[in-house]
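Working notes, structure below.
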Amino acid sequence: MAYDYGSIFNGIRIADFSWVIAAPLATQYLAIHGAEVIRIESTRRLDTLRTNLPMVNGVGPDHNPYYASYNMNKLGIRLNLRHPRALTLARRLISGCDAVVENFTPGTMERLGLGYSSLREIRPDLVMLSMALGGQTGPESSYKGFGTVIQGSAGITHLTGWPERDPAGTGVAYTDFFSGPIAASVLIAALMLRQRTGRGQHIDLSQQEASLYALDAALLQQIVNGDEAMRAGNRHPAAAPHGVYACLGDDRWLAIAVFSDDQWRGFVEAAGRPNWALQPPFTTFLGRKAHEDELDRMVGEWTAARDAHETMLLLQKHGVAAGVVQDARDITRDPQLAFRHHFLNLDHPEMGEFPFDSLPYRMNGVQPVPARAAPLLGQDNRRIFRDLLGLSEAQYAELEAEGVFE
């Protein structure tokens, strides 16, 4: 009998005060596996992703697939936490939750009356996950920033770009995709510990620290040898050639990595044994490394007249690591992703049927699939405040009229 992997966390309820990507991504893992995750939002300060491009089937906070990509299978409510009557409702909701997740600047939840020490009084076994930029403590704990800022403080921007140019950065909230899965793992671990001991805890996760894992060996190089890793473009200290080379067509590229002289001989055979590749200095790794500019030029001349996909297959056949540099259109047509049904069509109330990223793993061959698309802004207000918290229709209408549910 097949197991229902969408029910692993059934019975777990999470009050999700987070926004943007890192923390919503973390809670989405649990939501898709059965946890009841309730996104708490407000029209007074919309989630950044609700206002970004692209928009689908209209313009507004319920038309953004970017937001919808990190909030699948969640419930959504509106609650204006700045309103004096909202605090009581938030605390009543949390009293019935197993976990609270937030990624505000340290002190924000305390100012709202929702700090961990306060919440423990109403739910002693509560697990609370806080995901600030630099953590809850330290001289820089009050700093604010998104992923593009964190990649700078974590040293990633310093390594991104060309050696003769200024640091470039990645252009996206790159670090969110490191801290999000780590946060999900530690949240699950804390819930498992609570199950064994009956004790909750406050998890203080620093997104900056989580992002240090992206530095590969650069940090160790400094700690162990005192050497400062610098921007190297597409090059690698242990490979030559190692780069991205233009191919036939408009903006078509091929990544090639040669890590040994055996692989180089495979490249030479694939390229038709050109005379330049058979002569020193290119016959040895050290020679190729010492003349890397010329090497890149010669490899680029060969690829420029060739189809990227055909050249990838040719090089792979000869034992050389090579891969087409895919753009977004290529990815949507990728046969490997299509075979694994990576893109899921979910029917969103405003955007209609739309393809979303699925989880990147299968469990005993089973693909965990969300049951519903991301919520509209405040879509589940009545379900939560009327059915779960027990407000009467008159009470709900009064609070709505006062702006509590904005």
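The values are calculated or read from the model by the stated rules, or taken from the named source; none is laboratory data. Note that the coordinates shown come from a computational prediction; the quantities given were computed from them, not determined experimentally. When we count neighbours, we look across all protein chains shown, and the Cβ atoms used for this are built from the backbone with ideal geometry, even at glycine. The area values use the complete protein model at the heavy-atom level, side chains included, leaving out ligands, DNA and RNA. Shrake-Rupley method; radii C 1.70, N 1.55, O 1.52, S 1.80 Å.
The criterion of being under 14 Å from Ile21 (Cβ atoms), outside any helix (DSSP H, G or I), polar (S, T, N, Q) and under 18 Å from the mean Cα position of the chain (by Cα) does not hold for Thr148. Of the residues in the range 313-351, how many are under 12 Å from Leu254 (Cβ atoms) and either open to solvent by 30 Å² or more (accessible area, probe 1.4 Å) or in contact with a Pro (Cβ under 7 Å, 6 or more places away or on another chain) (or both)? Going through the range 313-351 one residue at a time, the tally reaches 7.
Specify the residue that is surrounded by the fewest Cβ atoms within 10 Å (Cβ to Cβ); the eligible residues are those in the range 248-272 that are farther than 16 Å from Gln316 by Cα and not acidic (Asp, Glu). Within the range 248-272, the match that is surrounded by the fewest Cβ atoms within 10 Å (Cβ to Cβ) is Gly249. Give the range 1-19 a look and list any residue that's over 21 Å from Asn381 (Cα atoms) and either within 15 Å of the chain's Cα centre (by Cα) or of a type in the set (Phe, Trp, Tyr) (or both), or say none. Hits for the range 1-19 are Tyr3, Tyr5, Phe9. For Ser358, the conditions (1) small (Gly, Ala, Ser); (2) surrounded by 17 or more Cβ atoms within 10 Å (Cβ to Cβ); (3) closer than 23 Å to Leu248 by Cβ are fulfilled apart from (3). A residue that is assigned to a loop (DSSP other than H, G, I, E, B), in contact with a Gly (Cβ under 6 Å, 6 or more places away or on another chain) and at pLDDT 95 or above can be found somewhere in the range 281-288. For the range 108-123, the candidate set comprises residues that are closer than 11 Å to Gln136 by Cβ and over 25 Å from the mean Cα position of the chain (by Cα); within that set, the residue that is surrounded by the most Cβ atoms within 10 Å (Cβ to Cβ) is Tyr116. Checking Thr105, Thr88 one by one, the residue that is hydroxyl-bearing (Ser, Thr, Tyr) and under 20 Å from Gly403 (Cα atoms) is Thr88 and no other.
Going by the conditions given, is Asn52 modelled with pLDDT under 95 and closer than 26 Å to Gly403 by Cα? Walk me through it before giving the result.
Details: modelled with pLDDT under 95: yes; closer than 26 Å to Gly403 by Cα: yes.
Criteria met by Asn52.
The one condition from (1) open to solvent by 50 Å² or more (accessible area, probe 1.4 Å); (2) under 20 Å from the mean Cα position of the chain (by Cα) that Ala374 does not meet is (1).
Would you tally the residues in the range 199-217 being more than 22 Å from the chain's Cα centre (by Cα) and open to solvent by less than 50 Å² (accessible area, probe 1.4 Å)?
1
Considering the range 7-56, and only residues there that are within 20 Å of Phe354 (Cβ to Cβ) and in contact with a His (Cβ under 6 Å, 6 or more places away or on another chain), the residue that is least open to solvent (accessible area, probe 1.4 Å) turns out to be Val56. Residues that are open to solvent by 40 Å² or more (accessible area, probe 1.4 Å) and within 12 Å of Val258 (Cβ to Cβ) within the range 285-297 comprise Phe285, Lys289, listed in sequence order. What about Ala190, is it more than 19 Å from Tyr70 (Cα to Cα), of a type in the set (Gly, Ala, Ser) and crowded, with 16+ Cβ neighbours inside 10 Å? Taking the combined requirement at face value, the residue satisfies it.
Determine, yes or no, whether Gly300 is open to solvent by less than 60 Å² (accessible area, probe 1.4 Å), closer than 30 Å to Thr157 by Cβ and either outside any loop (DSSP other than H, G, I, E, B) or among the aliphatic types (A, V, I, L, M) (or both). Outline the logic, then answer.
Values: open to solvent by less than 60 Å² (accessible area, probe 1.4 Å): yes; closer than 30 Å to Thr157 by Cβ: yes; either outside any loop (DSSP other than H, G, I, E, B) or among the aliphatic types (A, V, I, L, M) (or both): yes.
The answer is yes for Gly300.
Any residue in the range 210-231 that is hydroxyl-bearing (Ser, Thr, Tyr) and closer than 30 Å to Met109 by Cα? So far as the range 210-231 goes, yes, one or more of its residues are hydroxyl-bearing (Ser, Thr, Tyr) and closer than 30 Å to Met109 by Cα.
Within the range 358-402, restricting attention to residues that are in a helix (DSSP H, G or I) and among the aromatic types (Phe, Trp, Tyr), the residue that is nearest to Ile14 (Cα to Cα) is Phe385.
What helices (runs of 4 or more DSSP H) completely inside the range 304-357 contain at least 1 residues that are of a type in the set (Lys, Arg)?
Passing ranges, in order: 308-317, 328-332.
Screening Gly147, Gly138, Gly96 for residues that are surrounded by fewer than 16 Cβ atoms within 10 Å (Cβ to Cβ) and closer than 28 Å to Ile32 by Cβ leaves exactly one candidate, Gly96.
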